[in-house]
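Single-structure report; data block below.
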Amino acid sequence: MTVVDSFLTKAERELSEDFLANGYVIRDVDDQSALDAIRAEIVGQICQQLRRDMPNEHGEFLNNIHKIVEPEKLNELRLAVYRNMNGNLWFRPTYYALGRRSIDSLVGNELAMQNRVNLSIQMPNDDSSLLDIHADVFGGETPFQIVQWLPLVDCRDTKSMFILPYPKSERASKNLSRVGDGGMSELYASVEKDLVWLDIPYGKTLIFSPNCLHGNIVNRVPETRWSLNCRFTGLFTPYASPEKKIGSFYLPITTRPVSLVGMRYEQPGGFEE
């Protein structure tokens, strides 16, 4: 008879240890063909907006979009693609499926997902789409969540994002009150030597705790960054603010039958103490 001496598999334990040690994990996507389909759809949407023929090499096209789109036109293009992609009923389930094994292992299998998947584009040397160092909890987000950050092109150096891993991020956040008039720029300077610039090739996904300090700076790589990001949290975990709550900002995606039965249950009369 085979006995089991752990509630987690070896792979789950290794994933958990990696995440708890650093605040993030980088893994292969669960379905490469699904990722290719998402990228092809986005490229198709771009070409439709720009009235161009579909290119043969999707990655090369995205990397070099700055050669055919002016920076001041970029946000208009981004919003059009964002709206059209999130209008597809298959988009959010497919996005979740790309990291499902890791997300379920780290968060649980009864999940709520952000109601829209965000699209980020950062052209070379463009300072109009910067995200200063921050932690999402500073803005009222629940601390009980992860972000899946998915590159549509190879991302490295300043074309990627930075993160301050555990436990240094926790210590820096606790000392936030000591930051002077320099604000977040002063905070960035104080931790810059400890920041990790994440190398995330196309075909991999980053899953990180947004409690960790993170952000980006001006992209000095001569290619455009394209990435998607979306938040996941446990269905029954606390929500930090009325604006970022279940039913509006987060939507249930994997509610299990027992939970549905339990939520419908009404105590019969005569049993109350």
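FYI, it's all coordinate maths here, none of it is from the lab. Computed from a predicted structure; not experimentally measured. Cβ sites come from the backbone with ideal geometry, for glycine too, and all protein chains shown count toward neighbours.
Helix 71-86 versus the longest principal axis of the chain: what angle, 0 to 90°, nearest 10, using Cα atoms?
30 degrees
Between the range 44-76 and the range 220-273, what is the C-alpha centre distance in whole Å?
About 35 Å separates the Cα centre of the range 44-76 from the one of the range 220-273.
Compute the whole-percent fraction of alpha carbon pairs in the chain spaced more than 28 Å apart.
Details: 15391 of 37128 pairs.
Value for the chain: 41 percent of Cα pairs lie more than 28 Å apart.
Run the reach check for residue 244 against aspartates and glutamates, Cα to Cα strictly under 20 Å, same-chain hits fewer than 8 apart removed. What comes back?
110, 136, 141
Take every Cα pair under 8 Å in the range 10-263 that's 6+ residues apart, average their separations, divide by the length, and report that relative contact order as a whole percent. Intermediate results must be reported in sequence, preceding the final value.
On the way: 422 pairs, mean separation 83.0, N = 254.
Relative CO of the range 10-263 lands at 33 percent.
Which of these, 158, 255, 142, has the largest mean-square fluctuation under a Gaussian network model of the chain (Cα springs below 10 Å)?
It is 255.
For the range 82-101 and the range 122-161, what is the separation of their C-alpha centers, rounded to whole Å?
If you average the Cα positions of each part, the centres end up 19 Å apart.
In whole Å, what three semi-axes, largest first, describe the equivalent ellipsoid of the range 92-227 built from its Cα gyration tensor (square root of 5 times each eigenvalue)?
Working: eigenvalues 119, 85, 32 Å².
Rounded to whole Å, the semi-axes are 24, 21, 13.
Ignoring the sites themselves, what is the longest stretch of the chain with no trypsin sites (Lys or Arg not before Pro) in a DSSP loop and at most 12 other beta-carbon atoms within 10 Å?
Working: sites that count: 51, 52, 220.
Longest run free of exposed loop sites: 53-219.
Per DSSP H run of n ≥ 4, the term is -39500 (n - 2.57); total these for the chain, divide by its residue number, and report the mean residue ellipticity at 222 nm rounded to 500 deg cm²/dmol. Don't jump to the answer; show the numbers that get you there.
Details: 9 runs with 94 residues, N = 273.
Counting only the DSSP helices, I get -10500 deg cm²/dmol.
Among DSSP bridges having both ends in the chain, what percentage is antiparallel? Round to the nearest 5. Could you put the intermediate results ahead of the total?
Values: 32 of 33 bridges.
If we restrict to bridges inside the chain, about 95 percent are antiparallel.
Amide H of residue 217 versus every other amide H placed in the peptide plane: which residues, excluding those fewer than 5 positions away on the same chain, fall under 5 Å?
none
Please give the residues of the range 69-92, grouped as numeric ranges, whose backbone N is less than 19 Å from a label point set 7 Å along the Cα-to-Cβ vector of residue 34.
Only 85-92 pass the distance filter.
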